[in-house]
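Notes to accompany the following structure.
The values are calculated or read from the model by the stated rules, or taken from the named source; none is laboratory data. Please read these numbers as outputs of a predicted model, since none were measured by experiment. Every residue, glycine as well, gets a Cβ built from its backbone with ideal geometry; the counts of neighbours run over all protein chains shown.
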Amino acid sequence: MKFICTSVEALPGTFAADERAFTLFKAAQRSGVGTIARGWKGSLKRKGFRPSAQTWDFVQFCLSVCAADLAGLRSTSADGWTRTIELTVGLHEPLVWTPLKAHAEAMLKVLTGDYWTLHFVDGGVAPPDGKAQPFDRDCVSLLSGGLDSLIGGIDLISRGRRPIFVSQLAHEDSERQRHYAAVLGGRETHMQWSHGISFKGPRESSTRGRSLAFYGFAVLAASRVIGSPVQILVPENGFICINPPLVPGRVASLSTRTTHPLFIEMLQELLDQLEVAVRLDLPYRFKTKGEMLRECLDQELLGTLASDSTSCGRFRTYNRVHCGRCVPCMIRKSAFLAWGAGRDTTRYVHETVAGSDKSSGPDDPMAAALAVLSVRDQGLDRFLGASLAFASTNDRALYRNVLDTGIQELEALLQADGIL
């Protein structure tokens, strides 16, 4: 699979038969050429953004990866999943990226499970040159509309921090994101952006690389904060950060690596090499979702908003209603149960996982039950296998503890629903 993402001005006149092209921030008005974030650069300039060339090229790189990830169908690969992707990215200062090629390719393999070959060439778009003053904020925090990012925002405000909230537009969550930002006092500096990737033809639904756009947006927002390095908070519970395969068939990229500590470490190293002064922080990497709920610093505010948040992996499938049986839904339910019985007023298609219909996807309750039984019979370390091989000795013990507690939370849910 071959892709090229560049400016309209640098777009080649012809392409190979197996190559797809995208233009950044402006439509090429050519048949078969897709568009990324059309009109966005002009909007950023009007809003005062003036990022460094390194920051801007990082954004262009992230969006280009997202375009290739969306347009490259896994079903056409040899094993129906693992792709071989050759991506040419037009950058404003490509020579800076040349020594980083191998690292960036390895990082993307961790994220998506595919084999990437990257080419960095001239032809990127120059950064916007807005003139507004920096924001009176002291950090950046991701705000997705999910429960973890809500807790992260509440905790920051409760500690007296002044975050810029950054959201990736999603049809089912956009209004929710705005509401949370307003409640947390960040309406004026809430950055809500979309990758705006548009092209004709089928789209890959797995979107393992989509999170890179989120990180690109966060790094761009950090360019409006005074200080060095600027802290970027990624609020995600430790169980989902590691996302251990519940059954052997879900190894590697079959389980998402969006916030995996190894990926975050590699992304941080890339940013450091680019001299982009930000620090990625996973503040809840050693906490379960249940622990995050119990330890949130404003329990009253959390109680009014928690059940409105979204977690479901099949939210669109069920017309923006939580299915109640996918892995994210089960972790959500188990967290609410650990927080306190009766506190979850979320509407679920399947209020109990017992006897729930699996026609929309994998049998996740069965996988969760098998995971719990495996830990019971063989012990946690046998179940985890090499899942924690990436971690230092000290961190490994902490990650093991959060995974142990997370399995116990899932077990309590399955017992309450009569599965175990």
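For CYS329, the conditions (1) surrounded by fewer than 20 Cβ atoms within 10 Å (Cβ to Cβ); (2) touching a residue at least 12 places away in the same chain (Cβ under 8 Å) all hold with the exception of (1).
Beta carbons closer than 6 Å, at least 6 apart along the sequence or on distinct chains, pair a first residue in segment 380-396 that is in contact (Cβ under 8 Å) with a residue 60 or more places away in the chain with a second that is among the polar types (S, T, N, Q) for PHE383/SER374.
Among the residues of segment 352-411, the ones that are surrounded by fewer than 17 Cβ atoms within 10 Å (Cβ to Cβ), more than 24 Å from the chain's Cα centre (by Cα) and of a type in the set (Ser, Thr, Tyr) come to 3 in all. Number of residues in segment 153-170 that are within 22 Å of LEU220 (Cα to Cα) and either part of a loop (DSSP other than H, G, I, E, B) or not assigned by TED's automatic domain parsing to the domain that holds THR259 (or both) equals 4. Those helices (runs of 4 or more DSSP H) of segment 204-313 in which at least 2 residues are out of contact with any Gly (no Cβ under 6 Å at 6 or more places or on another chain), surrounded by fewer than 19 Cβ atoms within 10 Å (Cβ to Cβ) and not β-branched (Val, Ile, Thr), considering only elements entirely within it, cover 261-273, 289-295, 299-305. Of the numbered criteria (1) crowded, with 20+ Cβ neighbours inside 10 Å; (2) at pLDDT below 95, the one ASP18 fails is (1).
For segment 325-343, the candidate set comprises residues that are charged (D, E, K, R) and modelled with pLDDT under 95; within that set, the residue that is nearest to the chain's Cα centre (by Cα) is ARG325. Residues of segment 103-152 that are touching a residue at least 24 places away in the same chain (Cβ under 8 Å), closer than 30 Å to ASP173 by Cβ and part of a helix (DSSP H, G or I): ALA104, MET107, LEU108, VAL110, LEU111, THR112, LEU147, ASP148, SER149, LEU150, ILE151, GLY152. The lone criterion from (1) surrounded by fewer than 24 Cβ atoms within 10 Å (Cβ to Cβ); (2) touching a residue at least 60 places away in the same chain (Cβ under 8 Å) left unmet by ALA335 is number (1). LEU91 meets all of the listed conditions (1) under 16 Å from LEU267 (Cβ atoms); (2) in contact with a strand residue (DSSP E or B) (Cβ under 7 Å, 6 or more places away or on another chain) but one, namely (1).
The sole residue among ASP148, ASP138 that is of a type in the set (D, E, K, R), touching a helix residue (DSSP H, G or I) at 6+ places or on another chain (Cβ under 7 Å), farther than 21 Å from GLU9 by Cβ and surrounded by 15 or more Cβ atoms within 10 Å (Cβ to Cβ) is ASP148. If you go through segment 179-194 and keep only what is under 19 Å from LEU220 (Cβ atoms), within 20 Å of the chain's Cα centre (by Cα) and either in a helix (DSSP H, G or I) or in contact (Cβ under 8 Å) with a residue 40 or more places away in the chain (or both), you end up with ALA181, HIS190, TRP193, SER194.
Exactly one residue out of ARG376, ARG343, ARG332, ARG320 is part of a loop (DSSP other than H, G, I, E, B), of a type in the set (Lys, Arg) and touching a helix residue (DSSP H, G or I) at 6+ places or on another chain (Cβ under 9 Å): that is ARG343.
When you scan segment 42-56, do you find a residue that is touching a Lys or Arg at 6+ places or on another chain (Cβ under 7 Å), basic (Lys, Arg), part of a helix (DSSP H, G or I) and in contact (Cβ under 8 Å) with a residue 40 or more places away in the chain, even just one? Within segment 42-56 (the criterion being touching a Lys or Arg at 6+ places or on another chain (Cβ under 7 Å), basic (Lys, Arg), part of a helix (DSSP H, G or I) and in contact (Cβ under 8 Å) with a residue 40 or more places away in the chain), the answer is no, since none of the residues qualifies.
Here's the yes/no breakdown for (1) surrounded by fewer than 21 Cβ atoms within 10 Å (Cβ to Cβ); (2) modelled with pLDDT of 95 or more; (3) within 25 Å of GLN60 (Cβ to Cβ):
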position: VAL96; (1), (2), (3): yes, yes, yes
position: TRP116; (1), (2), (3): no, yes, yes
position: VAL121; (1), (2), (3): yes, yes, yes
position: GLY160; (1), (2), (3): yes, yes, no
position: ILE164; (1), (2), (3): no, yes, yes
position: SER167; (1), (2), (3): no, yes, yes
position: LEU184; (1), (2), (3): no, yes, no
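Scanning segment 89-120 for residues that are of a type in the set (Val, Ile, Thr), closer than 24 Å to PHE217 by Cβ and out of contact with any Cys (no Cβ under 7 Å at 6 or more places or on another chain) returns VAL96, VAL110, THR112. Contact map, segment 275-295: residues that are at pLDDT 95 or above paired with residues that are among the β-branched types (Val, Ile, Thr) and in a strand (DSSP E or B), Cβ distance under 8 Å, separation 6+ or inter-chain. Pairs shown: ALA277/VAL230; VAL278/VAL140; VAL278/VAL230; VAL278/ILE232; ARG279/VAL230; ARG279/ILE232; LEU280/ILE232; ASP281/ILE232.
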